[in-house]
1. P61 versus (1) in contact (Cβ under 8 Å) with a residue 60 or more places away in the chain; (2) touching a Gly at 6+ places or on another chain (Cβ under 6 Å): which is the lone unmet condition?
2. List every residue pair whose Cβ atoms lie under 6 Å apart, where the two residues are 6 or more positions apart in sequence or sit on different chains, the first residue falls within segment 141-162 and is under 15 Å from P300 (Cβ atoms), and the second residue, located anywhere, is aromatic (F, W, Y) and in a helix (DSSP H, G or I).
3. Please verify whether D333 is surrounded by fewer than 18 Cβ atoms within 10 Å (Cβ to Cβ) and at pLDDT below 90, treating the condition exactly as stated.
4. If you go through segment 1-33 one residue at a time, how many are open to solvent by less than 20 Å² (accessible area, probe 1.4 Å), farther than 24 Å from V324 by Cα and of a type outside the set (G, A, S)?
5. Pairs, please: C-beta under 7 Å, at least 6 apart or cross-chain, first residue free of Cβ contacts under 8 Å to residues at least 24 places away in the same chain and in segment 321-333, second among the polar types (S, T, N, Q) and open to solvent by 40 Å² or more (accessible area, probe 1.4 Å)?
6. Return yes when E309 is out of contact with any His (no Cβ under 8 Å at 6 or more places or on another chain) and either open to solvent by less than 40 Å² (accessible area, probe 1.4 Å) or assigned to a helix (DSSP H, G or I) (or both) and no when it is not.
7. Here is a check on your reading of the model: is P109 surrounded by fewer than 22 Cβ atoms within 10 Å (Cβ to Cβ) and within 23 Å of E295 (Cα to Cα)?
8. Residues that are open to solvent by less than 20 Å² (accessible area, probe 1.4 Å) and within 26 Å of E64 (Cβ to Cβ), at least 3 per element: which helices (runs of 4 or more DSSP H) completely within segment 137-223 meet that?
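The values are calculated or read from the model by the stated rules, or taken from the named source; none is laboratory data. The model shown is predicted, which means the values in this text are computed figures rather than measured ones. Ideal geometry is used to build each Cβ from the backbone, glycine not excepted, and the neighbour counts take in all protein chains shown. Remember, those area values only see protein heavy atoms, side chains included, never the ligands or the DNA or RNA. Shrake-Rupley method; radii C 1.70, N 1.55, O 1.52, S 1.80 Å.
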Amino acid sequence: MRAVLSKAPGGPETLVVEEVMDPTPGPGEVVIEVKAVGVNYPDALIIADKYQFRPERPFAPGAEVAGVVDAVGEGVKGVFRGDRVVAVPGWGGMVERLKVRAETLIPIPDGMDYETAAAFIMTYGTSYYALKDRAQLQSGETLLVLGAAGGVGAAAVELGKAMGARVVAAASTNDKVEFALELGADNGLIYPSGPMDKAAQKALSGEFKLSTGRDGADVVFDGVGGDYAEPALRAMDWNGRYLVVGFPAGIPSLPLNLTLLKSVSVIGVFWGAAVARDLKAHAANMAELMQLYAEGKIKPRVSRTFPLERAHEAIQALSDRTAVGKIVVKVED
C-alpha cells in the first residue's frame, strides 16, 4: 500500500510517498480502508518534532481518517467488515490502509460523506471540549474566537452559536472574517498580520473590547497565540475564561497580573489527552456533536482537497495559514 512518510524532521517538503506492507489486524483491532484524511495543524508540528508526541520514524502524519472497515481481528464485537467509520489515531492516517483499536471507532452517520467525516472529529471535538467542558460556556455569554476561519476556530464559531453565545470572530483578512460571519458569528474584526509592538497590541485590545461590548468577552478561544494573546486577555470581562488552544503565531508570554485584576482563569485545552483519560466523556461529546450535525447546527466546511501524492501541499497550505475551513487528503484506489 502507499503511505506518506516522515523519515527526518522538517517541513512538509521532507515527506515522501512510498510502498509499505499492508497491516494485519491483531486481537481487538480492525484495518480500515482509508477514504479521506483530515489535515490539522498538529500534522505540521509532528513531522518537525515540535509536537507533544514524537513517534518513531518512519511514520505517517494524519490524525483523523474516515473509511471502511476492511478486516476484523479476533475478539472484536459490534464492528463488521463494510462499516463506515471514523478513527482518530493521532498520527499514521495518511495511508491506504490503517490498523486501529476497534473500541476507538466512531460510526459515520448516514448522509455524511467521507470528506466531511474526516474533517469533523478533531476540530469539533477540540472546540466542544474547550467550550463545554473547560470553559463551561453559558447561553447569553460573549465568546471571542481568534483564528475564526481555521478548523478549530470555525468549529468554535458554530458551536458557540449552537450553545446560545454571542460570538465575535477575529481573523487576519476580510475574506476570513466574512467566512466566519457566514458561519453565524454576530460580529467580526480583522486583526493585523505579523508581529506587533506594544502600541499595536494596545490598539488591538481596544478593538477587541469595542467588538465584544462594554464588559468584554466572557470566554476567549485562542487558537492563534503570539502577539494576539495579551490584547485578548486585556479585553476580557470579570471572571472570564481564557482558552489556550494553539500557537501557530508563537507561544505567548501572558502578564499574569491581568488574571488577578480581572479574576480571569487561563485554561489549557489538550483534547487528545482528555480523550485518552476519559473515553466515556468523549463518547458522550461525540454523540452530542453528531446530534448537532443531524439538526443542521454544525457542518464542516471543506475548502480544499488533495490526493495522497500531494499530501505535503495540503500540510503546507495549512502551515501558511491561508486555509479557510478544513483541508482534506483524499485517498483514491
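1. (2) is the only condition that P61 fails.
2. Note: pairs meeting the criteria are A149/F179; A155/Y124; L159/Y128.
3. yes
4. Matching residues across segment 1-33 total 4.
5. Between residues of segment 321-333 that are free of Cβ contacts under 8 Å to residues at least 24 places away in the same chain and residues that are among the polar types (S, T, N, Q) and open to solvent by 40 Å² or more (accessible area, probe 1.4 Å), there is no close pair.
6. Yes, satisfied.
7. Judged against the criteria, P109 is a match.
8. 151-162
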